[in-house]
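In what follows, a structure is listed as structure tokens, so that the remarks can point back to it.
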Amino acid sequence: ALRALVDCDPVVQRDLESLWRPTLVLRNPSPRHRGGAVQLRLIDAIISDPVGPGSAARSGARVPPPQAPPEWSGDEVMQLLRRSRQFDRVESPQHYPRNAVARISEMMAWIEPMPGYGVQPILLTQLGAVVQPVPPRLRVRATAIELTGPSWRLVTSLQGVTATHAATGARLHSLGWLESVTDAGDTYTPSLRGAARTAHWSAPQLLARGPIRAEWELHAALERPERAVASAVEPVSRDLRSHDVVTVRATATIALDAGADRIDICIRGENPAGDHRLRWVLPLPGSIQTNHVVADAAFGPVRREHSGQDPREWPAEERLATAPLHRWLYLTGESYGLGIVSDGLAEYELLPDGHVAITLLRAVGELSRRDLPQRPGHAGWPAATPAAQCRGPFEARFAIVALPHDRATALQQLALHAEDVLSPVRGDAWRGIATALPAFAGLTLEGDGLQFSAAKRSEDGHWLVLRCINQLPSAVSGVWHLPRAATEVRQSRLDETPGPPLTGTGPRVRFEAPPHGVVTLLVR
């Protein structure tokens, strides 16, 4: 789809192989203008590594690449994160693939805002015209004991990492720990047993000094039995707790990006153990209220109140302490709010001691069990689910955001932060490009509280359908910025029945969205 937007025909490009020039493709997968700190994947030092009949005599991948300077411009204003050698393969539906070994450079760069859903190809030799120096007031810096930026300051000590937000005064006294507890449940219902095992993060190691990204790396490990629960077909009295002990290892990176008012956290690791639930536990500041939370859900934010009722009061099934998490959580304090963006499993829990726990993985081995005290009988057909033990690598990304006390403003800002974390502007170098690729002007939605819903061809094939949702309790004026001028615009129902026309055409389509309304337009 991305190649179609920039009119890149792989067959045509392959026929011009002798003219290939690596091209960076910048893309903004969001309906609003965005730029700033962007991660780029650049490619150079390319050595052919043919595959197929007769390739043994032509392979050059065993030849070490020359230690030459990078083959792109703008290197003086970019920040190198890491380099590696990887395979790069160019595909074509009518040709044999072209394989190569290349040097891959992960870089951070500062770029000007791009239009919504915009795509901008540029030759690597011309990259200097796109990347810009980071404005001094937005730069970040890292040392072995401190991460600093315009908004956040993180300091490490023997007590852990402390984070302070300049504008709101928000203060986190720790970035938490890992918690594992035996889970004897099935894919429907957790059944937690015994005391939790915890692992605190190690002292940080410096990964990136800035000025575009400042980053630390921390480690944690905890031991667990390889198996903790008997198979569902075994007698209930049989204890199959394994005496084989394995180690669950995790690595956390904590980063500040230039111009980004948030703390980015990525937790990745290796899970060799079964029958347990692994969570990241984050202590909340004392001023944060934990009796209610606003959580993003499929159709908009949901306010959830803390219930002090006994979870076993309903005889049919024990109520869970956890709750669904779509993209983010919002908690309020005395003078500010705190948002947590999550890209992992969709589950969180507010703990009685003022902590929030977010699930990283649930390792269970049965689709349904009949021996759970939390639920009478089966919830589904019994079947072994060995892959649901989640053995192997895991990864989740988070961001912590300090927000103003006003709820409406805070939720708007949090939605924008979530979009930046979950769908960032990215740039990837394509090797097999011979002709200049045109930019795609994009499709931008403008208007406070308006959430992009759809851009699609109508079912009858005659229209472009544009749909958005007003998340606010008040009417909003909105504008669609189109890649080409519209000749006709009509209001529509959800079933794409054409309604009355809108006055005015051209590349900007203006409309009014009622409170909490869904607005569908037909454009051609």
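The values are calculated or read from the model by the stated rules, or taken from the named source; none is laboratory data. For clarity, every value in this text was computed on a predicted model and none was experimentally measured. No Cβ is skipped: glycine too gets one built from the backbone with ideal geometry, and neighbour counts run over all protein chains shown. Quick note on the areas: whole protein, heavy atoms, side chains included, nothing else; ligands and nucleic acids left out. Shrake-Rupley method; radii C 1.70, N 1.55, O 1.52, S 1.80 Å.
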Go through (1) closer than 23 Å to A439 by Cα; (2) open to solvent by less than 20 Å² (accessible area, probe 1.4 Å); (3) not hydrophobic (A, V, I, L, M, F, W, C) for N470 and report which single condition fails.
(1)
Count of segment 288-322 residues which are part of a loop (DSSP other than H, G, I, E, B), at pLDDT 85 or above and open to solvent by less than 40 Å² (accessible area, probe 1.4 Å):
4
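Applying the selection to segment 33-55, what residues are part of a loop (DSSP other than H, G, I, E, B), in contact with a Gly (Cβ under 9 Å, 6 or more places away or on another chain) and surrounded by fewer than 18 Cβ atoms within 10 Å (Cβ to Cβ)?
Step one: of segment 33-55, the residues part of a loop (DSSP other than H, G, I, E, B) are 33, 49-55.
Cutting the leftovers down to in contact with a Gly (Cβ under 9 Å, 6 or more places away or on another chain) gives us 33, 49-50.
Matches in segment 33-55: H33 only.
Please work out if A144 is open to solvent by 50 Å² or more (accessible area, probe 1.4 Å), touching a residue at least 40 places away in the same chain (Cβ under 8 Å) and closer than 25 Å to P404 by Cα. Steps first, please.
On the way: open to solvent by 50 Å² or more (accessible area, probe 1.4 Å): yes; touching a residue at least 40 places away in the same chain (Cβ under 8 Å): yes; closer than 25 Å to P404 by Cα: no.
No.
Only one residue in R375, R391 is among the basic types (K, R) and modelled with pLDDT of 95 or more, so which one is that? Steps first, answer last, please.
Details: R375 fails: modelled with pLDDT of 95 or more.
Selected residue: R391, the only one of R375, R391 that is among the basic types (K, R) and modelled with pLDDT of 95 or more.
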I'm checking my understanding of the structure. Among residues of segment 313-345 that are among the β-branched types (V, I, T) and closer than 18 Å to I400 by Cβ, which one is nearest to the chain's Cα centre (by Cα)?
V341
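Can you spot a residue in segment 105-128 that is surrounded by fewer than 19 Cβ atoms within 10 Å (Cβ to Cβ), out of contact with any Pro (no Cβ under 9 Å at 6 or more places or on another chain) and of a type in the set (A, V, I, L, M)?
Taking segment 105-128 and keeping what is surrounded by fewer than 19 Cβ atoms within 10 Å (Cβ to Cβ), we get 106, 112-113, 123, 125-126, 128.
Imposing the further condition that a residue be out of contact with any Pro (no Cβ under 9 Å at 6 or more places or on another chain) reduces the set to 106, 112-113, 126, 128.
Then keep just the ones that are of a type in the set (A, V, I, L, M); that gives none.
Checked segment 105-128: no residue is surrounded by fewer than 19 Cβ atoms within 10 Å (Cβ to Cβ), out of contact with any Pro (no Cβ under 9 Å at 6 or more places or on another chain) and of a type in the set (A, V, I, L, M).
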Which one of these does L325 not meet: (1) modelled with pLDDT of 90 or more; (2) of a type in the set (A, V, I, L, M); (3) touching a Ser or Thr at 6+ places or on another chain (Cβ under 6 Å)?
(1)
Considering only segment 463-517, give the strands (runs of 3 or more DSSP E) lying wholly within it that have at least 1 residues that are in contact with a Pro (Cβ under 6 Å, 6 or more places away or on another chain).
476-486, 489-492
Matching residues, segment 482-512, being among the small types (G, A, S) and more than 21 Å from G442 (Cβ to Cβ):
S492, G499
Please specify each residue of segment 84-104 satisfying the condition of being out of contact with any Pro (no Cβ under 6 Å at 6 or more places or on another chain), open to solvent by 100 Å² or more (accessible area, probe 1.4 Å) and among the charged types (D, E, K, R).
R85
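Taking the condition part of a loop (DSSP other than H, G, I, E, B), touching a strand residue (DSSP E or B) at 6+ places or on another chain (Cβ under 6 Å) and among the aliphatic types (A, V, I, L, M), does V101 pass?
Values: part of a loop (DSSP other than H, G, I, E, B): no; touching a strand residue (DSSP E or B) at 6+ places or on another chain (Cβ under 6 Å): yes; among the aliphatic types (A, V, I, L, M): yes.
No, not satisfied.
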Of (1) touching a residue at least 60 places away in the same chain (Cβ under 8 Å); (2) in contact with an Asp or Glu (Cβ under 9 Å, 6 or more places away or on another chain); (3) of a type outside the set (A, V, I, L, M), S477 satisfies all except one. Which?
(1)
Residues in segment 135-147 that are over 23 Å from the mean Cα position of the chain (by Cα) and among the β-branched types (V, I, T) total 2
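Any idea which residue in segment 152-171 is farthest from G210 (Cα to Cα), counting only those that are part of a strand (DSSP E or B) and either among the polar types (S, T, N, Q) or open to solvent by 50 Å² or more (accessible area, probe 1.4 Å) (or both)?
Going through segment 152-171, the residues part of a strand (DSSP E or B) turn out to be 152-157, 160-165, 171.
If we keep only those that are either among the polar types (S, T, N, Q) or open to solvent by 50 Å² or more (accessible area, probe 1.4 Å) (or both) as well, we get 153, 156-157, 162, 164, 171.
On the way: R153: 14, T156: 17, S157: 21, T162: 19, T164: 19, R171: 23 Å.
Here the answer is R171.
Just to be sure, is V134 in a loop (DSSP other than H, G, I, E, B) and out of contact with any Leu (no Cβ under 9 Å at 6 or more places or on another chain)?
Details: in a loop (DSSP other than H, G, I, E, B): yes; out of contact with any Leu (no Cβ under 9 Å at 6 or more places or on another chain): yes.
Taking the combined requirement at face value, the residue satisfies it.
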Quick one: in segment 418-443, of everything that is of a type in the set (A, V, I, L, M, F, W, C) and open to solvent by 30 Å² or more (accessible area, probe 1.4 Å), which residue is nearest to P515 (Cα to Cα)?
L422
